[in-house]
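The values are calculated or read from the model by the stated rules, or taken from the named source; none is laboratory data. Keep in mind that this is a model prediction, so the values were computed, not measured. Neighbour counts run over all protein chains shown; Cβ positions are idealised from the backbone, glycine included.
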Amino acid sequence: MAAVPFLVLCACVLGLYHVEATPDTLSSVDSSFCQGGLHVIYPELDIDKCLIIPKDRKLREKVSTVWKAPQIYFTGADKRKLYVLVMADPDAPSNTKPTSAYWRHWLVVNIQGTGLKKAQIQGTTLTDYSAPTPPKKTGFHRYQFMLFEQPPYGPLSLTEEEKSTRGKWDLRAFVSRFDLGEPVATVQFLTQNYKD
């Protein structure tokens, strides 16, 4: 019996906040995006399903201005395989006029399956992590994490044009160029500017 209060106390002290998404907070399209069991873990926020980050507890501000790249955990990873992680915003600069979509927030290739099983990404970063910072008065933005199984042949890279900007990234062309196929796991969260 003493173990239960101890665990509750630990959870409060550590401050890990598991956000619950309710059916009325997400559209059916946004809810159906998440599949495969991918976990995105920030210091106080564990995202394992599609959700909207609530305004309370200053989570929107922390995800935009305080926290660095999250840990990525995928129990379904094959230890013998490599993976590609994409984080992108399809709603840049606003969800009503996404003229800069996809905005590439993070791109890591050659991720070892063993690292994903331990929430430790070991790979080659092609685009450094950029925190979700939706501009003011642009509504909610979707921040999508997609994990692809990487084919065993040839190095993956960005073209010079892709390196020159993060915006207007043709994600489909990248996926097609390297024969990545469909993602093995996906998750997303929605947030807006924390001052809105």
Among the residues in the stretch 49-62, are any surrounded by fewer than 18 Cβ atoms within 10 Å (Cβ to Cβ) and free of Cβ contacts under 8 Å to residues at least 12 places away in the same chain?
yes
Positions within the stretch 94-131 being at pLDDT below 95 and of a type in the set (Lys, Arg), in sequence order:
Lys97, Lys117, Lys118
Pairs needed: first member in the stretch 67-87, under 18 Å from Tyr42 (Cβ atoms) and of a type in the set (Gly, Ala, Ser); second member anywhere, in a loop (DSSP other than H, G, I, E, B) and at pLDDT 95 or above; C-beta distance under 6 Å; at least 6 residues apart or different chains.
Ala69/Tyr129
Residue under evaluation Ile41, criteria (1) out of contact with any Ser or Thr (no Cβ under 7 Å at 6 or more places or on another chain); (2) surrounded by 15 or more Cβ atoms within 10 Å (Cβ to Cβ); (3) assigned to a loop (DSSP other than H, G, I, E, B), criterion not met:
(3)
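Search the stretch 75-98 for residues being hydrophobic (A, V, I, L, M, F, W, C) and closer than 22 Å to Cys34 by Cβ, and hand back the single one that is nearest to the chain's Cα centre (by Cα).
Met87
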If I filter the stretch 21-36 down to residues being assigned to a loop (DSSP other than H, G, I, E, B) and in contact with a strand residue (DSSP E or B) (Cβ under 8 Å, 6 or more places away or on another chain), which single residue comes out as modelled with the lowest pLDDT?
Ala21
Exactly one condition in (1) surrounded by 18 or more Cβ atoms within 10 Å (Cβ to Cβ); (2) under 24 Å from Arg172 (Cα atoms); (3) more than 14 Å from the chain's Cα centre (by Cα); (4) of a type outside the set (Lys, Arg) is not met by Cys34; state its number.
(3)
Condition test on Gln71, is it under 30 Å from Leu156 (Cα atoms) and at pLDDT below 95?
no
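Can you list the strands (runs of 3 or more DSSP E) lying wholly within the stretch 119-196 that have 3 or more residues being within 15 Å of the chain's Cα centre (by Cα) and in contact (Cβ under 8 Å) with a residue 24 or more places away in the chain?
So the answer is 141-150, 185-191.
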Within the stretch 143-157, restricting attention to residues that are touching a Phe, Trp or Tyr at 6+ places or on another chain (Cβ under 8 Å) and surrounded by 14 or more Cβ atoms within 10 Å (Cβ to Cβ), which residue is farthest from Asp196 (Cα to Cα)?
Pro151
Within the stretch 164-188, track down each residue that is out of contact with any Leu (no Cβ under 8 Å at 6 or more places or on another chain), buried (at least 17 other Cβ atoms within 10 Å of the Cβ) and within 18 Å of Gly113 (Cα to Cα).
Leu180
